[in-house]
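What follows is a single structure, written as structure tokens, with notes after it.
Here, each number is a calculation from the coordinates, and none is a lab measurement. Just so it is clear, the structure is predicted and the values come from calculations on it, not from any experiment. FYI the Cβ positions are ideal-geometry reconstructions off the backbone, even for glycines, and counts take in every protein chain you see.
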Amino acid sequence: MPILTTLALLAVGVIHLIPLSGVLGPEHLARLYGAAPADPSALILMRHRAVLFGIVGGVCVLAAFKPALQWLALVLGGFSVVSFLWLAWSTGGFNAHLQRVVVADLVALLCLAGGALALAWAERAGPAPGA
């Protein structure tokens, strides 16, 4: 198991687990994003979003130690960060809190790319001698 892939998945997992605190309510969402929805329907959607990030983060952390799940986690994490980056870029006008999320997702994207390259390289090279 390539150590770079393991480290990349752990980093991406942690980045995705941080927003899980948003499930605890509007105060936590405000700390994360600089805004909390007042509308109950939007609050439900934002809290559910936090749960989904927790799922993605959990899969990434699990896959760091379960090679059979690594490609799944890399693709899942990739869809997560690329979709957010595209939405942020195409919408614009976001606050400083979301700018931090953009930076974190750019870091996550680099980790995912590095982890995928390391995993592809390891698979191409075949099993290590004596393994």
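Between W89 and V75, the simple spin-label model (points 7 angstrom out along Cα→Cβ) gives 2.2 nm.
Gain on full extension, evaluated as 0.36 nm per residue between I3 and L117 minus their Cα-Cα distance, stands at 39.9 nm. Hydrophobic long helices, here whole DSSP H runs in the chain with Kyte-Doolittle means of at least -1.0 and Cα atoms spread over 20 Å or more along the helix axis, are found at 3-17, 40-65, 70-91, 96-125. Compared with the direct C-alpha span, the chain from S41 to I18 gains 6.0 nm at full extension, assuming 0.36 nm per residue. Taking other residues whose beta carbon is less than 13 angstrom from the beta carbon of F94, and scoring Lys, Arg as +1 and Asp, Glu as -1, yields 0. Which entry in [x] 11.4; [y] 8.9; [z] 8.2 is this structure's computed mean projected area of the Cα convex hull in nm²? Computing mean projected area of the Cα convex hull in nm² and matching it to [x] 11.4; [y] 8.9; [z] 8.2 gives [z]. Each peptide in 35-42, 116-123, 105-112 was scored by the mean count of other Cβ atoms within 10 Å over its residues; highest first, the order is 105-112, 116-123, 35-42.
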